[in-house]
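The values are calculated or read from the model by the stated rules, or taken from the named source; none is laboratory data. Since the model is a prediction, treat every value here as computed from it, not as a measurement. Positions of Cβ are backbone-derived with ideal geometry, glycine not excepted, and every protein chain shown enters the neighbour counts. These area figures cover heavy atoms from the full protein model, side chains too; ligands, DNA and RNA do not enter into them. Shrake-Rupley method; radii C 1.70, N 1.55, O 1.52, S 1.80 Å.
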Number of protein chains: 2
Amino acid sequence: MENYKRILGQNLRKAREALQLSQEELAHEIDIDRTYISGIERGVRNPSLDVIAKIAQRLKTTPAALLTRPAQSRRSESA
Amino acid sequence: MENYKRILGQNLRKAREALQLSQEELAHEIDIDRTYISGIERGVRNPSLDVIAKIAQRLKTTPAALLTRPAQSRRSESA
DNA sequence: ATGTGACTAATAGTCCGTT
DNA sequence: TAACGGACTATTAGTCACA
């Protein structure tokens, strides 16, 4: 079984940094605790769908995207 | 904000029925209560990533797929 | 075979701090 | 700025009786 918590964490961090947000800023904006964001990024937390959706929304992406393994080479999407 | 609980529920039901499983059978196989599956399909539950991943695995799909809006007309994917 | 409300046990999620 | 721990509270995980 894939480690989706880890995939989520990696994607989240990448997306957050792409928007040049600190964990603290992100956390504050979506009203989630900063230590919780930290835990999710490290793959040690098991967030609920609502939290995943909330984060995705702020990072201008989707839950599906945050849960997609990065190395998947989907050319057709960004083209 | 999109209702991802609902999207998940719809996709889950579709995927389950495609495999001709009853809620009861699915629930039994992945060791989750039947009524809990029912709640997720109806979009009234807010499951954690672990639960979503477990269900996805049994339905031979992925969390990302279960969280993707169906009516999204993404031509490039299946073509 | 599924929907639903109500319920406890477990854990998601917060808030405090230190490194 | 972020990792990490401990103690706390809110919500989810998981179960039941019944429609």
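Structure above, values below:
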read-out: Filtered residue count, the stretch A:38-64, keeping only those that are in contact (Cβ under 8 Å) with a residue 24 or more places away in the chain and open to solvent by less than 30 Å² (accessible area, probe 1.4 Å); value: 7
read-out: Identity of the residue in the stretch B:22-37, open to solvent by less than 20 Å² (accessible area, probe 1.4 Å) and of a type outside the set (Val, Ile, Thr), that ends up nearest to DNA strand D (Cβ to nearest atom); value: B:27
read-out: Residue tally, condition of a type in the set (A, V, I, L, M, F, W, C), within 13 Å of DNA strand C (Cβ to nearest atom), within 19 Å of residue B:9 (Cβ to Cβ) and not in a helix (DSSP H, G or I), over the stretch A:40-67; value: 0
read-out: Breaking point among (1) of a type in the set (Lys, Arg); (2) near DNA strand D (Cβ under 9 Å from one of its atoms); (3) open to solvent by less than 60 Å² (accessible area, probe 1.4 Å), for residue B:16; value: (2)
